[in-house]
């Protein structure tokens, strides 16, 4: 996708190729990854900057979704955009998002099941169990169901009933990702933007999306709408202090 970030000084063009980078992250030693790296460099570090210079010579170009900028390399957060999967593959608590601040967050997220009416389209009541064969067929992350329960246990009582577990998982995803969105917004102008992974699904599945396959909003989508409201009041406990932040994207005083 193409993302334009406006500031008083420049237009920064970030060409984010999320899937190539996410395949590369953590798989550097797999032989096929070398060919993927070469293809990534050819497209995003050679072809595109050359065409931008040719067609729009005054435009600044920076390649996005770099495979060297991810949650395991804190030194990389200071440059360009970052992928931070610390709350997922790193199994970190959501509070880590308050301090792991990049210049531009181009990918981070947490999984949740879709709501029960979507689950009912691919599963029967006898399949309503976290580790049933049907649920596992609709969960493609190796640590997915385990991590949903583990992280849920940090913040809530984990329900035994499957319907309630699905509901609490949706709440968990929304609250957790919103914490990151607000942290990134709070740290402007150091952090000038944030994109969570991901918007929607290509099939009914357990995923990082905020909208399920049938177009139903998950709790995350409502929370993202609130986090990106033009005016946001954010209360954050920092050490022994409770600090109140007021953020506005309005171009005029709203008082």
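The values are calculated or read from the model by the stated rules, or taken from the named source; none is laboratory data. The structure displayed is predicted, hence computed values, not measured ones. Don't worry about glycine lacking a Cβ; one is built from the backbone with ideal geometry, like all the others, and counts go over all protein chains shown.
Please pick out the residue among 123, 112 that is in contact with a strand residue (DSSP E or B) (Cβ under 9 Å, 6 or more places away or on another chain) and farther than 23 Å from residue 188 by Cα.
Values: 123 fails: in contact with a strand residue (DSSP E or B) (Cβ under 9 Å, 6 or more places away or on another chain).
Result: 112 is the single residue among 123, 112 that is in contact with a strand residue (DSSP E or B) (Cβ under 9 Å, 6 or more places away or on another chain) and farther than 23 Å from residue 188 by Cα.
Show the residue pairs that are 6+ apart or on different chains and have beta-carbon atoms under 9 Å apart, the first residue being within the range 86-100 and on the phi > 0 side of the Ramachandran plot, the second being part of a helix (DSSP H, G or I) and surrounded by 20 or more Cβ atoms within 10 Å (Cβ to Cβ).
Short answer, once both residue conditions are applied: 91/151.
Condition first: modelled with pLDDT of 95 or more, out of contact with any helix residue (DSSP H, G or I) (no Cβ under 8 Å at 6 or more places or on another chain) and within 30 Å of residue 145 (Cα to Cα). Now tell me which residues in the range 222-255 satisfy that.
Result: 225, single match.
Give the range 127-149 a look and list any residue that's assigned to a loop (DSSP other than H, G, I, E, B) and under 21 Å from residue 89 (Cβ atoms), or say none.
130, 131, 138, 139, 140, 141, 142, 143
Regarding the range 105-117, can at least one residue be identified that is in contact (Cβ under 8 Å) with a residue 24 or more places away in the chain, in a helix (DSSP H, G or I) and either in contact with a helix residue (DSSP H, G or I) (Cβ under 6 Å, 6 or more places away or on another chain) or surrounded by fewer than 19 Cβ atoms within 10 Å (Cβ to Cβ) (or both)?
Scanning the range 105-117 turns up at least one residue that is in contact (Cβ under 8 Å) with a residue 24 or more places away in the chain, in a helix (DSSP H, G or I) and either in contact with a helix residue (DSSP H, G or I) (Cβ under 6 Å, 6 or more places away or on another chain) or surrounded by fewer than 19 Cβ atoms within 10 Å (Cβ to Cβ) (or both).
In this structure, does residue 203 turn out to be under 29 Å from residue 148 (Cα atoms) and surrounded by fewer than 14 Cβ atoms within 10 Å (Cβ to Cβ)?
On the way: under 29 Å from residue 148 (Cα atoms): yes; surrounded by fewer than 14 Cβ atoms within 10 Å (Cβ to Cβ): yes.
Yes.
If I ask for residues that are touching a helix residue (DSSP H, G or I) at 6+ places or on another chain (Cβ under 7 Å) and in contact (Cβ under 8 Å) with a residue 24 or more places away in the chain, which ones from the range 123-144 would you list? I'd like the intermediate steps shown before the answer.
Kept after step one, since they are touching a helix residue (DSSP H, G or I) at 6+ places or on another chain (Cβ under 7 Å), are these residues of the range 123-144: 123, 127-131, 134-135, 139.
Selection gives 128, 129, 130, 135, 139.
Yes/no matrix, rows are residues, columns are (1) assigned to a helix (DSSP H, G or I); (2) closer than 23 Å to residue 89 by Cβ; (3) touching a helix residue (DSSP H, G or I) at 6+ places or on another chain (Cβ under 8 Å):
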residue	(1), (2), (3)
172	yes, yes, yes
192	no, no, no
199	no, yes, no
203	no, yes, no
214	no, no, yes
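Hey, among the residues in the range 80-104 that are in contact with a helix residue (DSSP H, G or I) (Cβ under 7 Å, 6 or more places away or on another chain) and part of a strand (DSSP E or B), which one's nearest to residue 188 (Cα to Cα)?
That would be 82.
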